[in-house]
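Structure record follows, encoded as structure tokens.
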Amino acid sequence: MLQGRLPSRVFRILKQAGELAERTSVSAFVVGGFVRDLLLGQPTLDLDLVIEGDGIAYARALARPAEAEVKAHDRFETAVIVFPDGFKLDVATARTEHYEYPTALPTVQRSSINEDLYRRDFTINTLAIRLNPGHFGELMDFYGGQRDLNKRTIRVLHSLSFVEDPTRVFRAIRFEQRFGFRLGTETLALIKGVGKIDLIHRLSGSRLSEELILLLSEEEPRKMIARLGALNLLHFVHPALKWSARLDVLLKAVPKVLDWYKRTSLNWADRKVSVAGASSGSPADLMDGWLVYFMALMEVIPSQAVGETLRRLKLSVRHAEKIRVSRDSSSKLLRRLARRPPLRPAEVYRVLVGLSDETLLFLMAKARSESVKRRVSAYLTTYRHVKPILTGTDLKTMGLKPGPIFKKILSQLLSARLNGEVQTKADERNLAKRIINAVTP
């Protein structure tokens, strides 16, 4: 299965990993989500290795022949190997974790692969594949992971799982909805129990926001949010947040505008979302789809609750500002765009210029009028890319001295070009002369 479903280079790395483990007298395993997805027929290249031994020393030895970079995290005895072509391999020491109190970060101690897998969130993520020669490709299943994959069931390993880490509630919903599985009877009862106590509120805002961003970055966030609502868990984002028909309408509209944007824009952030919640390798000017869903959540709660949520979740300043602008301005902007007679292109440009792509897409999702949606889409695809042909240098050659008049002329030239009133450089020059004559005594 590994050989048939993986690129030959990745398969070769796994073979090399096993051979190195054998030479250095340790045991190596590929574990977790990779194995789960392989068995589901949806292989990913997101590989996690677990080593019964010193994982960091092993990672450095594996990286050396390929001249790959190793980023080690000594506290958790983990490392990331970054190969010259950008391919990444996570390596961890087999370990147990002890939680001093609910929601605390774990205390780590080396252990066996069996104990390492027991600390995982759900049985479907406890599967491992041995890599050492002589056992290469053997599936290890201590906790019924393959059975639960076949039964399409999400099941925790023990009754304190959600107490130890309440963020697992969000992961349970993500996996249930992503794969079309169901929550096991006991797991569902445990989740309902978490909903009745205050554990999630004791989580740090950053940990909660990480899970929420990952959930909103899935293929169908609406289904997951609806499920959280049905289980009375949305109040962990904010007590004022509840499932409603209005929220449902917004969440149904968001994927439509995101799909449109993906087809028409070069700025689509089709990127892996990191555990830290930021899109990996993403410049600030690329659009984050999850943020449009977050704007929809914030739209249905009071303004004060929005501020409280942003402070609680500790989102980045950039993301928080986009959310505030959307929440405070979207209704006013939509009213301006809906004015009669219809706004001309230059007027649409003036209304929308400077807004983030996420805010613009949220406007399209929120708008009930198709004509308003067309105005926003025209701005996104056309108007914002329009520039006058004449530049400040051209104006200087016409005898003008730099000053406020430059900005006025260039602004009017842009409006004229947007409205189709000028076509050529000569047209713009003539318009510039008329503006100069109008303001010159």
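Computed values, structure above
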read-out: Extension gain, E19 back to R182 (0.36 nm per residue minus Cα-Cα distance, nm); value: 54.8 nm
read-out: Listed residues L251, L38, L127, most fluctuating in the chain (Gaussian network, C-alpha, under 10 Å); value: L38
read-out: Rough spin-label spacing in nm, given labels placed 7 Å along Cα→Cβ, for Q42 and R335; value: 4.4 nm
read-out: Karplus 3J(HN,Hα) series, Hz, for the range 378-394 with 6.51 cos²θ - 1.76 cosθ + 1.60 (x for Gly, Pro); value: 5, 5, 4, 8, 10, 4, 6, 8, 6, 9, x, 6, 5, 10, x, 4, 4
read-out: Separation of the A61 and N232 label points, Cα + 7 Å toward Cβ, nm; value: 5.4 nm
read-out: Label-to-label distance, nm, for residues given as V82 and H385 (7 Å Cα→Cβ offset); value: 3.2 nm
read-out: Burial ordering of I405, I200, fewest other beta-carbon atoms within 10 Å first; value: I405, I200
read-out: Centroid-to-centroid separation of the range 38-71 and the range 305-346 [C-alpha atoms, Å]; value: 43 Å
read-out: Using θ = phi - 60° and Karplus 6.51 cos²θ - 1.76 cosθ + 1.60, couplings along the range 130-140 (whole Hz; Gly, Pro as x); value: 6, 10, 4, x, x, 10, 4, x, 6, 7, 10
read-out: Lysines whose Cα lies under 19 Å from that of K322, excluding same-chain neighbours fewer than 8 positions away; value: K314, K332, K366
read-out: Nearby lysines by direct alpha-carbon distance to K196 (threshold 23 angstrom, same-chain neighbours under 8 apart not counted); value: K223, K242
read-out: Environment charge at Q412 (Cβ cut-off 15 Å; Lys +1, Arg +1, Asp -1, Glu -1); value: +4
read-out: Extent along principal axes [Cα atoms of the chain; Å; largest to smallest]; value: 90, 53, 37
read-out: Contour excess over end-to-end distance, with Cα ends at A245 and F142 and 0.36 nm allotted per residue; value: 32.7 nm
read-out: Chain lengthening between E370 and N114 when straightened (0.36 nm per residue, less Cα-Cα); value: 86.4 nm
read-out: Reachable lysines from K396, criterion Cα separation under 20 angstrom, eight or more residues apart if same chain; value: K387, K407, K408, K425, K433
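Bear in mind these aren't lab numbers, they're just calculated from the coordinates by the rules spelled out. Note that the structure is predicted; figures quoted are calculated from it, not measured. In this analysis, Cβ positions are derived from the backbone assuming ideal geometry, glycine residues included, and neighbour counts consider all displayed protein chains.
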